[in-house]
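A.B. asks: Take a look at this one; I'll ask things after.
Here, each number is a calculation from the coordinates, and none is a lab measurement. Since this is a predicted model, take the numbers as computed values, not measurements. No Cβ is skipped: glycine too gets one built from the backbone with ideal geometry, and neighbour counts run over all protein chains shown.
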Amino acid sequence: MTAEEMREKLGVSEDYGTLYIMRHGRTDWNDQKRLQGQTDIPLNDTGREMAKEAGKRYADVPFDVCWCSPLVRAKETAELLLSGRDVPIHFDDRLKEVAFGEYEGIANSFQIPDCPVNEFFFHPEEYTTAVPGGENVTELLARTGSFYREVVVPLLEEGKNVLIVGHGAMNMSMICNVWELPTKDFWKTGIENCRLIRLL
């Protein structure tokens with residue numbers, strides 16, 4: 001579904017704001033294929049360059065406000081992306097990446113056949129039991145859904161153009177909430193580092 005189709009489905013007026021979402025730039029753990037979750041890993045040099053380039057590429061997109069994950073890789077991305085622009089950046093814990101608990105930092109989990117977090121990537125609708133210290137897909141969808149309803153929708157109703165800067169799984173859960181996708185289609189859209197997606 002396109003943003004225009006979703007707006008038509010919701011029956012919003014022309015004065016309704018626009019919603020964008022972006023995933024943070026690359027990190028060393030991305031490059032090493034490690035599960036980051038809520039471990040606070042900074043951008044690497046490549047990630048910082050990606051965010052700066054995105055700032056140039058999307059310089060003409062009229063953002064009124066940015067809401068961002070407080071994790072440093074998202075925070076750095078938002079600050080570099082919006083450098084020199086009068087766009088306030090706010091933070092909310094509900095925009096953190098999904099928690100993988102004791103499995104955070106594991107590399108190449110897909111090569112570990114009995115790694116329980118793999119279920120989240122291959123069969124997200126069945127990822128209903130969280131690993132120790134982590135959260136399941138229902139919990140992730142619930143917290144991002146509450147943020148969307150309580151923070152984003154009122155801003156859109158005021159006609160504000162909202163940017164969310166977050167993470168791979170967190171962004172997918174936001175897309176599922178906004179586009180009303182079933183959990184089995186959690187990964188259907190995909191989101192590249194520092195690529196802007198319009199949701200509404």
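A.B. asks: Compute, for the stretch 22-145, the length of the dipole vector about the Cα centre, with Cβ point charges of +1 (Lys, Arg) and -1 (Asp, Glu) only. Units Debye, rounded to 20. Don't skip to the answer; put the middle values down first.
C.D. replies: Numbers: 14 positive and 22 negative charges, 88 e Å.
Using Cβ point charges on Lys, Arg, Asp and Glu, the stretch 22-145 gives about 420 debye.
A.B. asks: When only Cα pairs under 8 Å and 6 or more residues apart are kept, what is the percent relative contact order across the chain? Mind dumping the intermediate values first?
C.D. replies: Numbers: 378 pairs, mean separation 71.6, N = 200.
This gives 36 percent for the chain.
A.B. asks: Okay, next question. Using the Karplus equation 6.51 cos²θ - 1.76 cosθ + 1.60 (θ = phi - 60°), what ³J(HN,Hα) coupling, rounded to whole Hz, does each residue of the stretch 126-135 give in order, writing x for Gly and Pro?
C.D. replies: Running phi through 6.51 cos²θ - 1.76 cosθ + 1.60 with θ = phi - 60° gives 9, 8, 9, 10, 6, 6, x, x, x, 9 Hz.
A.B. asks: Given a cut-off of under 8 Å on Cα pairs at least six residues apart, what relative contact order in percent is computed for the stretch 1-91?
C.D. replies: Details: 93 pairs, mean separation 25.2, N = 91.
Over the stretch 1-91, the number comes to 28 percent.
A.B. asks: Right, here's the next one. Given the pairs LYS9/LYS75; LYS9/LYS160; LYS52/LYS75, which are separated by over 25 angstrom at their Cα positions? Present the calculation step by step, with values, prior to reporting the outcome.
C.D. replies: Details: LYS9/LYS75 33 Å; LYS9/LYS160 19 Å; LYS52/LYS75 13 Å.
Among LYS9/LYS75; LYS9/LYS160; LYS52/LYS75, the Cα-Cα distance tops 25 Å for LYS9/LYS75.
A.B. asks: Between ASN118 and LYS184, how many nm apart are label points set 7 Å from Cα along the C-beta direction?
C.D. replies: Between ASN118 and LYS184, the label points sit 2.2 nm apart.
A.B. asks: Read phi for every residue in the stretch 171-179 and hand back ³J(HN,Hα) as whole Hz from Karplus 6.51 cos²θ - 1.76 cosθ + 1.60, θ = phi - 60°, with x for Gly and Pro.
C.D. replies: 5, 4, 5, 5, 4, 4, 5, 6, 8
A.B. asks: Give, in whole angstrom and from largest to smallest, the semi-axes √(5λ) of the equivalent ellipsoid of the stretch 3-198, with λ running over the eigenvalues of the Cα gyration tensor.
C.D. replies: Values: eigenvalues 147, 89, 35 Å².
Equivalent ellipsoid semi-axes, largest first: 27, 21, 13 Å.
A.B. asks: Any idea which of ALA78, PHE91, SER146 is furthest toward the positive side of the dipole for the stretch 3-198, if Lys and Arg beta-carbons carry +1 and Asp and Glu beta-carbons -1?
C.D. replies: ALA78
A.B. asks: Would you please calculate the Kirkwood hydrodynamic radius of the stretch 4-49 over all C-alpha pairs and express it in Å, rounded to one decimal?
C.D. replies: On the way: mean 1/r = 0.0737 Å⁻¹.
Roughly 13.6 Å, rounded to one decimal.
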